[in-house]
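Okay, structure first, notes after.
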Amino acid sequence: GAPVTKIGGKSLWPIQATILEIPPPIRDHKSAVMIFGAWLGGTHPNMELLWNNIVDQIQDLYENGIILKLNDHLKIKFNIRVQLITFDLPALAHNCNIIQFNGYDACPVCKTHGYAIGTQIFYPFSQASLIKKTDTDYLRLSTLDLPRFRSHGIKGPIPLTKIMLFPSQIAVDYMHLVCSGHFKTLIVYWNQLLLPDVFEQVSNFLLSITLPHSFGYQFMPLV
Ligand SMILES: [Zn+2]
């Protein structure tokens, strides 16, 4: 969900698709990216309205593929499969119908429960590998009327499980989780560990870089 304007509170939730057979970076060129759907409104999208028709059409493509007729009347058939899907936060929880990242049982991939310190939920490091959530969990737990602690954060059914295996086909959102997420926390810790001028040197280095005007922003000092 991206805000459309600074006032009015409406946000836009686009569904974009890229074709894997096109190599990067032209795969992401605006003429190559397809818009499958979009929701514009002051509320979160209704998942059924947003996804049902898209999922139905993709299911049809799974069965029938796309047949192209060439100039010489030759026909080629393309089989269509969806490989991966990625969501930013909080679209992930909303689209997967799972608990938001700041609640208990919020991990889309495993069954770690989390515990509260003050008002925040923490997920401790574990030596033993955690039990994974499976596609069956997503299908089964979403349709049973279970108490909250037994549903492992899965709140209800979603249209997407008709065409994809959850959670294995959800790609990790590296940009939000690592680059603009955990890395920020690490920088705060490093600031307490490293010598005082280390951050100043890094900041000066970043400020000396001029990004191309098409970026719309420049590097900022770290602290
Ligand atoms: Zn997990």
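The values are calculated or read from the model by the stated rules, or taken from the named source; none is laboratory data. Since the model is a prediction, treat every value here as computed from it, not as a measurement. Cβ placement follows ideal geometry from the backbone for every residue including glycine, while neighbour counts extend to all protein chains displayed. To get the accessible areas, we keep the full protein, side chains included, count just its heavy atoms, and leave off ligands, DNA and RNA. Shrake-Rupley method; radii C 1.70, N 1.55, O 1.52, S 1.80 Å.
Extension gain for THR86 to THR119 (0.36 nm times residue separation, less C-alpha to C-alpha distance): 9.0 nm. In the range 46-172, Cα pairs under 8 Å separated by at least six residues give a relative contact order of 28 percent. The Kirkwood hydrodynamic radius of the range 90-182, based on inverse pair distances between different Cα atoms, is 14.0 Å. When the Cα gyration tensor is reduced to axis lengths a ≥ b ≥ c, the ratio a/c is 1.5 or higher for the chain, and with a/b not above b/c it is classed as oblate. Close amide-amide hydrogen proximity is noted between ILE98 and LYS155, each under 5 Å apart and 5 or more residues distant or on a separate chain (H modeled in the peptide plane; Pro and chain starts excluded). Helical content alone sets the calculated 222 nm signal of the chain at -7500 deg cm²/dmol, taking -39,500 (n - 2.57) per DSSP H segment of four or more residues and averaging over every residue.
Here PHE183 sits with roughly 90 square angstrom of accessible surface, probe radius 1.4 Å.
Pairs of Lys residues in the chain that lie 8 or more places apart, or on two chains, and have C-alpha atoms under 26 angstrom apart add up to 17. Taking amide H as placed 1.01 Å from N in the peptide plane, the amide H of LEU12 sits under 5 Å from that of ALA2, VAL4, each at least 5 places away or on another chain. In the elastic network of the chain, a GNM with C-alpha springs shorter than 10 Å, the most mobile of LEU92, LEU74, LEU141 is LEU74. Note on the chain: with a GNM built from Cα contacts shorter than 10 Å, the maximum mean-square fluctuation among MET175, MET47, MET164 falls on MET175. Based on protein heavy atoms only, the chain ends up with 72 Å² per residue of surface accessible to a 1.4 Å probe. Ordered by solvent-accessible area of protein heavy atoms (1.4 Å probe), largest first, the residues LYS10, LYS132 come out as LYS132, LYS10. Per-residue 3J(HN,Hα) values for the range 161-177, derived from phi via the Karplus relation 6.51 cos²θ - 1.76 cosθ + 1.60 with θ = phi - 60°, read 5, 6, 10, 9, 8, 9, x, 5, 9, 8, 6, 6, 7, 4, 4, 6, 6 Hz in sequence order (x marks Gly and Pro). Surface composition of the chain: carbon plus sulfur atoms contribute 61% of the solvent-accessible area (1.4 Å probe, protein chains only, all chains present). Result for the chain in a Gaussian network model with C-alpha springs under 10 Å: among GLY118, GLY153, GLY41, the largest mean-square fluctuation is at GLY118.
Residues of the range 86-120 with the amide nitrogen closer than 18 Å to a label point 7 Å from the Cα of SER168, along Cα-to-Cβ, please. Within reach of a label on SER168, which here means backbone N under 18 Å from a point 7 Å along Cα→Cβ, the range 86-120 contributes 86, 108-111.
For a distance above 18 Å, tell me the whole-number percent of Cα pairs in the range 1-72 that qualify.
Working: 1497 of 2556 pairs.
The share of Cα pairs beyond 18 Å in the range 1-72 comes to 59 percent.
Centroid-to-centroid, using Cα positions, the range 91-108 and the range 151-181 are 8 Å apart. Here GLU21 and LYS111 are evaluated by their C-beta separation; at R0 = 25 Å the FRET efficiency comes out at 0.10.
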